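The values are calculated or read from the model by the stated rules, or taken from the named source; none is laboratory data. Nothing here was measured: the structure is a model prediction, and the numbers come from that model. With ideal geometry, Cβ positions are generated from the backbone for all residues, glycine too; neighbour counts draw on all protein chains shown. Just so you know, the surface numbers come from the protein's heavy atoms only, side chains and all, with ligands and any DNA or RNA stripped out. Shrake-Rupley method; radii C 1.70, N 1.55, O 1.52, S 1.80 Å.
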Amino acid sequence: MKKIDWRWSNESAQWAAKAPSPSGADAALALDGREYQTMHGFGGCFNELGWRALQSLTAADRSAVLEALFSPAGAGLNFCRLPIGANDYSFDWYSLDETPGDYALEHFSLERDRQALIPYIKEALALNPDLRLFASPWSPPTWMKDPPVYNWGKLIHTPENLRAYANYFVKFIQGYAAQGIPIEQVHVQNEPVANQKFPSCMWTGEELRDFIRDYLGPALARSGLDTELWLGTINAPGCDYIRLIFDKWATEDYDYFANTVLSDPEALRYLSGVSYQWGGKIAIQRTFESWWPRLRLMQSENECGFGDNTWEYARYMWTMLKHYISNGAESYLYWNLVLEPMGRSTWGDPQNAMVTVDPAAGAAVCNPDFYVMKHFAAPIRRGAVRLGARGSFAGDSLVFRNPDGSVVLELFNPFDRVFTVGVELEGETYHFPLEPGSVNSIVLAGGGRGGCA
């Protein structure tokens, strides 16, 4: 029998230890011999409002929160996102060069990022040097857009403007490298069909293809940087206004974005992968069928909830992890790591966070979503391989083999009673009585990482 490290969480207990039972099962699970994607990581997004929330804690309490998120003794988050310029959880809207007509980018500056994002990331890196990062813009500089505002419009597609915008990415990567923060990946645009109150920029699939093929891909290649270029972060339109703007339906965005870009050999040669979020959960399945393993896939932003941080929503999040990973995602990114109560964005939208910091009380709380993310991030190591499974419980499970050979079972009990799963592994059968409504991480023969309260 293998050594077993089993942790479970629901409303009544979090990251609690448990042992298997000797016999009896309501459902079965076994490996089917297939292997899929190699896992890259789990994490969230570094946002300015999260840093502000952390500043209301004592130094000791702030360190405890960051250790819970990033330390290998806590959740061990190891793959995170940051914005290029402002997003909807910035203090206010900004870009890294707001000097009109500065095509040479002589006024490009990371001075604003030194206020919050750079110190935030550096504290996380100090706790987990294996943390890797990807970045994407929500909006280009306003002088590159029509109309010239952050929260509306499109990039002006002239050669002079496109060359400058491609170099804007290069200078961002170089600038962060000079701060001791390597950027592993850049993704071309956050939600290219989001025409929003917050910083945004609309793109068609053809426009993304041409920008990647003719400007951004060549600019990164000329720079000598080893930063990967990804097509993303793609969300699904599904709204009538897309037809009004682009004079075509785009309700299922595999063909509208990924297939349009990836079917061009010159654009394809610059790309390492495709990232999806929100409505992109529909298109990732067809992308997986068509392009994996030639291209890597990831989920780039968790659906954000409503600021009330309930266990009901956390269980829904488990099903999103199941869906994306089952369809080839090698990484899963939460949205806000830390927020104040109700998690309101700069434009007033309430959203969930892994940790809530109450400035009035000077106290932090790990929310249900934190524990769901920890159940994946803590036991599943970078380089783990997703394994195929069969049986009546396959729909509520994921299985991985870590680089050290240990097997990780991620099991979800959707029922309001104890539900026992019989797992067959290497000729042995193990029986796991799952607590009602619980998420479970079970490591066999290798042990998981340590816990956090």
Q: With a ≥ b ≥ c taken as the square roots of the eigenvalues of the C-alpha gyration tensor of the stretch 120-171, please select rounded if a/c is under 1.5 and otherwise prolate if a/b is larger than b/c or oblate if it is not?
A: prolate
Q | Ratio Rg/Rh, restricted to the stretch 401-442 and using Cα atoms, in which Rh is the Kirkwood radius | A | 1.03
Q | Percent accessible area from carbon and sulfur atoms, the stretch 323-453, protein chains only, probe 1.4 Å | A | 50
Q: Using a Förster distance of 25 angstrom, determine the FRET efficiency expected from the C-beta separation of S263 and H157, and round it to 0.05.
A: 0.80
Q: For E206 and K322, compute 0.36 nm times the residue count separating them, minus their Cα-Cα distance, and round to one decimal in nm.
A: 38.6 nm
Q | Cβ charges +1 (Lys, Arg) and -1 (Asp, Glu), total dipole of the chain, debye | A | 820
Q: Considering Cα pairs under 8 angstrom that are at least six residues apart, work out the relative contact order of the stretch 24-148 and quote it in whole percent.
A: 31
Q: Could you list, in their original order, any pairs among K154/K322; K154/K197; K122/K322; K171/K374 whose Cα atoms are separated by more than 24 Å?
A: K154/K322; K122/K322; K171/K374
(Q) Need one number: % antiparallel among DSSP beta bridges in the chain, to the nearest 5. (A) 55
Q | Hull shadow area, averaged, the chain [alpha-carbon convex hull, nm²] | A | 20.9
Q: Please list the radius of gyration and Dmax for the stretch 297-425, considering alpha-carbon atoms only, with Å as the unit.
A: 16.3, 51
(Q) Let's test the formula: R0 of 56 Å, r as the Cβ-Cβ distance of D404 and F91. What FRET efficiency results, to the nearest 0.05? (A) 0.85
Q.
What do you get for the angle between helix 59-70 and the principal long axis of the chain? Use alpha-carbon atoms, 0 to 90 degrees, nearest ten.
A. 80
(Q) I want to make sure I understand the PRE zone here: with the label point 7 angstrom from the Cα of V365 toward its beta carbon, which residues in the stretch 316-338 have backbone N atoms less than 16 Å away? (A) 338
**Q.** Mean separation of Cα contacts under 8 Å, 6 or more apart, over the residue count of the chain: relative contact order %
**A.** 25
(Q) Suppose we take every Cα in the stretch 358-445 and form the convex hull; what volume per residue is that in Å³? (A) 124
Q: Please state, as a whole number in µm²/s, the translational diffusion coefficient that the Stokes-Einstein equation yields for the stretch 36-148 at 10 °C and 1.306 mPa s, with Rh defined as the Kirkwood radius across alpha carbon pairs.
A: 102
Q: Apply 1/(1 + (r/R0)^6) to the Cβ-Cβ distance of K197 and R417, taking R0 = 51 Å, and write down the FRET efficiency to the nearest 0.05.
A: 0.70
Q. How do the peptides 342-352, 429-439 rank, highest first, by the average count of neighbouring beta carbon atoms within 10 Å per residue?
A. 429-439, 342-352
Q.
At 222 nm, what value in deg cm²/dmol follows for the chain if DSSP H runs of at least 4 each add -39500 (n - 2.57) and the sum is divided by all its residues, to the nearest 500?
A. -7000 deg cm²/dmol
Q) On full extension of the chain, what length is gained from H107 through A221, given 0.36 nm per residue of separation minus the C-alpha to C-alpha distance? A) 38.7 nm
Q) How large is the accessible surface per residue of the chain, computed with a 1.4 Å probe and reported in Å² as a whole number? A) 36
Q: Taking the Cα centre of the stretch 1-47 as origin, work out the dipole magnitude from +1 charges on Lys and Arg Cβ and -1 charges on Asp and Glu Cβ, in debye rounded to 20.
A: 200
